[in-house]
1. For the chain, just run the numbers: alpha carbon Rg, then divide by 2.2 N^0.38 Å, N being how many residues it has.
2. Keeping all protein chains in position, work out how much accessible area K242 exposes to a 1.4 Å probe, and write it in Å² to the nearest 10.
3. Could you tell me the center-to-center distance, by alpha carbons, between region 229-288 and region 35-59 in angstrom?
4. Students sometimes get this wrong: rank R13, R145, R45, R98 by accessible area, probe 1.4 Å, all chains present, largest first.
5. Setting aside same-chain residues fewer than 8 positions from K280, which aspartates and glutamates have a Cα under 16 Å from its Cα?
6. With a 1.4 Å probe and all protein chains left in place, how much of the accessible area of the chain comes from carbon and sulfur atoms, in whole percent?
7. How large is the helix-only mean residue ellipticity at 222 nm for the chain, computed as the sum of -39500 (n - 2.57) over DSSP H runs with n ≥ 4, divided by its residue count, in deg cm²/dmol to the nearest 500?
8. Taking 8 Å as the Cα distance limit and 6 or more residues as the minimum spacing, I'd like the relative contact order of the chain as a percentage.
Amino acid sequence: MYKNLSPGAIGIRCGWIEGLDLARDAGFGGADLNLGDAQKLADERGADAVKALYAERGLQIGGWPFPVKWNGTEAEFFESLGRLPAQAKLAAEVGCFRTMTWMPGWSDELPRQEHFDRVVRRFGLCAQVLKEHGHRLGLEFIGPRTSRAPHKFGFVYSMDGMLTLCCAMGTGNVGLLFDVWHWYTAQSTLDDLRKVTADEVVYVHINDAPAGVDVLDQIDSQRCMPGQTGVIPNGEILKVLKEIGYDGPVTVEPFYQPLRDLAAQDPLAAAKQTSESLDKVFGEAGLL
């Protein structure tokens, strides 16, 4: 596992290359790929120029955001799916084989069976394209009861439920964007996580939860920095991920307003604070 920076996830607004510099200067081991910017550079100078940007800074490539409009209209979905082969080809050429997105655990339009069938069909088509280029797709389940409660129809919101959905696609390259927040708010356990294989974890988000709030009342947009409260046992979670053989990026996504305020004033300070929070939980897990 390695410390990975996604600038937008901590409220930093910057260009892709500036983000790579921040990752290097703040002590991260990796950073995500901006596929649009990478495409422009590859068109001008070749895929090796993209790889060089990371190598020169001693960084690994984390992941690339999944670009298909899987939750749009049929026309929007197929139009964006048509662009996926070229995007997947480029990502493979630069050595980035993890792509990820999130999936709401609810719907106001589709009953559960219709929702399930559509998701399996659409993501299955995408996964087939990705598989041709060696990619894995991570899907993030959304755990908080407070996020699901206002909506008409329920859907997948737990780790086991998401893995079942992934299996239904039948391609073998779809797994979890595993966010410790959603693991906690879905009331999963460390033993549940031990039953997961390394192939089923594509990408990891890490954060902490406010103290003194019941798990059923936690609000998705109100989180804390890793190791800040200890409500989420991040050190133990990382130990289990290490035990099962996960070796990919670990990215902080805290939705923590003080960090966002700092990011607006001093991006490097915000990146360093984020890196230090990861050092704390990596140390607890014996990863440093």
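The values are calculated or read from the model by the stated rules, or taken from the named source; none is laboratory data. All figures in this text were calculated on a predicted structure; none of them were measured in a lab. Cβ sites come from the backbone with ideal geometry, for glycine too, and all protein chains shown count toward neighbours. Ligands, DNA and RNA are excluded from the accessible area calculation, which covers all protein heavy atoms including side chains. Shrake-Rupley method; radii C 1.70, N 1.55, O 1.52, S 1.80 Å.
1. 0.97
2. Estimated to the nearest 10 Å², K242 gives 110 Å².
3. 26 Å
4. R13, R45, R145, R98
5. Those aspartates and glutamates meeting the cut-off are D208, E236, E253.
6. 49 percent
7. On the way: 12 runs with 138 residues, N = 288.
Result for the chain: -14500 deg cm²/dmol, rounded to the nearest 500.
8. Worked out over the chain, it gives 21 percent.
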